[in-house]
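The block underneath contains the structure these notes are about, expressed in structure tokens.
Just so it is clear, none of the values below were taken in a lab; they were calculated from the coordinates. Since the model is a prediction, treat every value here as computed from it, not as a measurement. Because the Cβ atoms are built from the backbone with ideal geometry, glycine has one as well, and the counts that use them run over all protein chains shown.
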Amino acid sequence: MTDTRTHEATVADPAPARFDTLPLDAKLLRAVADSGYATMTPIQAKAIPIVLDGRDVMGAAQTGTGKTAAFSIPLLQRMLKHENASASPARHPVRALVLAPTRELADQVANNVKAYAKHTQLRVACVFGGIDMKPQTLQLKGGVEVLIATPGRLLDHIEAKNCVLNQVEYVVLDEADRMLDIGFLPDLQRILSYLPKARQTLLFSATFSGEIKKLAQSYLQEPVLVEVARPNATASTVEQRFFSVTDDDKRQAVRQILRQRDIKQAIVFVNSKLGAARLARSFERDGLRTAALHGDKSQDERLKSLDAFKRGEVDLLVATDVAARGLDIADLPAVFNFDVPFNAEDYVHRIGRTGRAGASGIAVTLVTKSDARLVADIEKLTKRTLEIEPIEIEDGRPARPRRSDSDGEPRRAPRESRAEIDSAGGAVAEPVRRSSYRPAPASRDPFFDKPYEPTAGVEAPSWEKVAPAASLSAKALSPYIKPKKKVAALFGAKRDAEPETIDQQTAGS
């Protein structure tokens, strides 16, 4: 029995294969060596030979296991037959299209592909939203073989006729489940309708849902399913801890764990953009170097925050789920779920930012009473029972000093209950809770206290004037009705007010 078990373990865990055992061009092997890769990860060892054979692939692997190299290196090998040094854009049409859900992931994939293709004549470009289209347009019209894009910005360039996709031979849907979660399915369908039907399609993701399998059935032709771990599984190198806290104690809990474990850097995930901005400002006031990463920031601000975090200039990166997919941050020791994610699959991607490439890490999730259903969804997805531990919050806030009167005696709080002694019998009365409210004192200015008296010699306002009795008609009209003005008629007409004067003037003339 012992020999059988040993033989089974040897078969299940073969020695890691080396890249130089693959039928790759010397240019690609040189670039792989420059990137520091010697042996392949399990997903790379299984997927690369299948992609080199021209088959469609559905790749499922834990995040941080090298999925980008698993699809980009064999595609570059297959495209080397189109390599040329011509300056004509027509000689450099788009041959491979990689779609990513977020701008940060698209930029990261583009950097990796450029590193793998740096010794070849293949051109690589990346387009995503949030920045000016003009530089991207110039690059596209100059000709590129490999195009990495987010769906929205790619559709903008297609409608502007900046790029033509009728010669695409290879399509990669990276983190396709995330693209479906954020509503990119109509955009994906439109983009895929522009592509030739005779193509090789690859789909890679850390999680596979029912919608992803339906998408694969629609656009992949007899795909080969490549799995190196149970779908939706979390990495074994990540220590997962769940702590029961209140909303008011979350920030103090993060600071306490950072101090106790001597954690120098961490990503703190929240569920909303507004919450990320507020939490980042709060940690900044606590003395931690903090940056925020969410959808309301411009693309330039997001890239600067991410670069500063990778360089170690920032201690905490407070982010929404835009940073949960595919971002590769070397040696990240910890991830905090300040808010339990609404989607259980996002939990797998969040904690996958740490413990990458075999390194160890810790993922801390802060759970409140209202998060019971979300934690149950995570247990159902990961198929493991989660233990929620209590945490004792150390209150490091200084005590408030009590106010004192001018004579140095401490002032009794206004709401403090006191026992008063009855003046007659000396009995102790019930405690009386006094209110701290005091009404404003009444005015003591005699000028404002005396009643109103009209000032002598000042004419009354027009609205208080009453017409004299002599001007009223015999019908006793209301004093508020003004009498008609008598105006002389034109062309020598007589006026009723002066009949005698007019007759005398007529006789004299």
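Using Cβ counts within 10 Å as a stand-in for footprinting exposure, how do Ser370, Ser35, Ser305 rank, fewest first?
Listing Ser370, Ser35, Ser305 from fewest to most nearby Cβ atoms yields Ser370, Ser35, Ser305.
In Å, what Kirkwood hydrodynamic radius results for the range 336-380 from the alpha-carbon pair distances?
Evaluated over the range 336-380, this radius sits at 11.1 Å.
State the answer as a single residue: which of Gly36, Ile212, Asn112 lies farthest towards the positive end of the charge dipole of the range 2-227, with beta carbon charges of +1 for Lys and Arg and -1 for Asp and Glu, about the Cα centre.
Asn112
For the range 18-71, report the convex hull volume of the alpha-carbon atoms normalised per residue, in Å³, without decimals.
Per residue, the Cα convex hull of the range 18-71 comes to 76 Å³.
Please state the charge dipole magnitude for the range 2-227, taken about the Cα centre, from unit charges on C-beta atoms (+1 on K and R, -1 on D and E), reported in debye and rounded to the nearest 20.
My answer is approximately 760 debye.
Quick one: which of 160-166, 70-76 comes out on top by average Cβ neighbours within 10 Å, and what's the full order, highest first?
70-76, 160-166
So, in nm, how far is label Arg281 from label Lys383 when the simple model puts each one 7 Å beyond its Cα toward the Cβ?
About 4.6 nm, to one decimal.
List Met133, Met58, Met79 from most exposed to least, where exposure is judged by having the fewest other Cβ atoms within 10 Å.
Met133, Met79, Met58
Counting Lys +1, Arg +1, Asp -1, Glu -1, what net charge surrounds Met40 among other residues with beta carbon under 11 Å of its beta carbon?
Computed value for this residue: +1.
How do Lys273, Lys250 line up, fewest other C-beta atoms within 10 Å first?
Least to most surrounded, the residues fall as Lys273, Lys250.
So which of Lys197/Lys297; Lys81/Lys304; Lys161/Lys213; Lys27/Lys67 end up more than 26 Å apart, counting from Cα to Cα?
Pairs exceeding 26 Å: Lys197/Lys297; Lys81/Lys304; Lys161/Lys213.
Taking N as the number of residues in the range 63-193, what is its alpha-carbon radius of gyration divided by 2.2 N^0.38 Å?
0.99
Which of the peptides 45-57, 254-266 is most tightly packed, and how do the rest follow, going by the mean number of other Cβ atoms within 10 Å of each residue?
With the highest mean Cβ count within 10 Å placed first, the list reads 45-57, 254-266.
Given the Cα-Cα distance of Lys197 and Ala376 and 0.36 nm per residue of separation, how much length would full extension add, in nm?
60.2 nm
So what is the relative contact order of the range 238-390, in percent, for Cα pairs below 8 Å that sit 6 or more residues apart?
Averaging sequence separation for qualifying contacts and normalising by length gives 34 percent for the range 238-390.
What Kirkwood hydrodynamic radius do you get for the range 2-227 when you take the inverse of the mean 1/r over all pairs of distinct Cα atoms, in Å?
Roughly 18.2 Å, rounded to one decimal.
How large is the dipole of the range 238-390 about the Cα centre if only Lys and Arg carry +1 and Asp and Glu carry -1, each at its Cβ, rounded to the nearest 20 debye?
Value, rounded to 20: 140 debye.
Net charge within 15 Å of Ala125 by Cβ-Cβ distance, Lys/Arg positive one each and Asp/Glu negative one each, not counting Ala125 itself?
Local net charge: +4.
Please list, by residue number, everything in the range 65-91 whose backbone N is under 14 Å from a paramagnetic label point 7 Å out along Cα→Cβ of Lys141.
The answer is 89-90, whose backbone nitrogens lie closer than 14 Å to the label point.
Sort 211-217, 337-343 for me by packing, meaning the mean count of neighbouring Cβ atoms within 10 Å per residue, highest on top.
Ranked by mean Cβ neighbours within 10 Å, highest first: 337-343, 211-217.
Between rounded, prolate and oblate, where does the range 238-390 land on the alpha carbon gyration tensor, with a ≥ b ≥ c its root eigenvalues, rounded for a/c under 1.5, else prolate if a/b exceeds b/c?
The shape class here is rounded.
Find which of Ser370, Ala277, Thr385 sits farthest along the positive direction of the dipole of the range 238-390, computed with +1 on the beta-carbon of Lys and Arg, -1 on that of Asp and Glu, about the Cα centre.
So the residue we want is Ala277.
What translational diffusion coefficient, in µm²/s and rounded to a whole number, does the Stokes-Einstein relation yield for the range 18-128 at 20 °C and a viscosity of 1.002 mPa s, taking the hydrodynamic radius as the Kirkwood radius over Cα pairs?
146
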